[in-house]
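Read the structure below first, then the notes.
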Amino acid sequence: MMSGGNLLIKGPNVMQGYLVHGKGFVPVESWYASGDVVEVDYQGYIQIKSRLKRFSKISGEMISLNLVEELAEQCFMTSEVAAISFADSKKGEIIVLLTTLKTASRTSLRNFLMGVNQSMLLLPARVEIIDKLPLLPSGKTDYAEITNNCRRRQPNVDT
């Protein structure tokens, strides 16, 4: 499911290491792992596709939570969606999609995914309706707050 790869950076402008109290200088590996998943186009331009931590491993496949959100936005015609994942003892992880759209349903998302020939691995285990998506002061989605709120509503969710 994942296309692209991890962006690794090397060069004289990348820091050499950390100055750690009590340990002194601790060098870092020669390549810096940015945490970004990127694709390089035919002209050599790099396009950031996602962050590595925005992936979930389901049935041995890396599933982009950003892609789950993009497809849900297309299906529900709203940008008020957020996909998060939790550990699951049976599947490894499960995806939960949260949205403010009162008419959103897992069934309609499943039908949409089938209609656009997408893998059912992109189908969240649950679709939850919430009043408002928490935002950071920058205006970006506050995934930490969403995850904490979801855990409070579903205390049996694995962490």
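The values are calculated or read from the model by the stated rules, or taken from the named source; none is laboratory data. Given the structure is predicted, the values throughout are model-derived calculations rather than measurements. Neighbour counts are summed over all protein chains in view; Cβ atoms, including those assigned to glycine, are modelled from backbone coordinates with ideal geometry.
Determine whether Y32 is of a type in the set (F, W, Y), in contact with a Phe, Trp or Tyr (Cβ under 8 Å, 6 or more places away or on another chain) and surrounded by 11 or more Cβ atoms within 10 Å (Cβ to Cβ).
No.
Residue check: is E93 touching a Lys or Arg at 6+ places or on another chain (Cβ under 6 Å), assigned by TED's automatic domain parsing to the domain that holds N149 and modelled with pLDDT under 95?
yes
Among the numbered criteria (1) out of contact with any strand residue (DSSP E or B) (no Cβ under 8 Å at 6 or more places or on another chain); (2) surrounded by 12 or more Cβ atoms within 10 Å (Cβ to Cβ); (3) free of Cβ contacts under 8 Å to residues at least 12 places away in the same chain, which single criterion is violated by Q118?
(3)
Search the stretch 76-105 for residues being charged (D, E, K, R) and free of Cβ contacts under 8 Å to residues at least 40 places away in the same chain, and hand back the single one that is surrounded by the fewest Cβ atoms within 10 Å (Cβ to Cβ).
That would be K90.
Provide a single number: the residues in the stretch 63-90 that are aliphatic (A, V, I, L, M), in contact with a strand residue (DSSP E or B) (Cβ under 9 Å, 6 or more places away or on another chain) and at pLDDT 90 or above.
Residues that pass the stated criteria total 8.
Please verify whether K57 is loosely packed, with under 11 Cβ neighbours inside 10 Å and either within 17 Å of L123 (Cβ to Cβ) or assigned by TED's automatic domain parsing to the domain that holds N117 (or both), treating the condition exactly as stated.
When the stated conditions are applied, K57 does not pass them.
Looking at the stretch 1-50, what strands (runs of 3 or more DSSP E) fall wholly within it and have at least 2 residues that are closer than 23 Å to S64 by Cβ and out of contact with any His (no Cβ under 6 Å at 6 or more places or on another chain)?
Strands (runs of 3 or more DSSP E) meeting the threshold: 5-9, 32-40.
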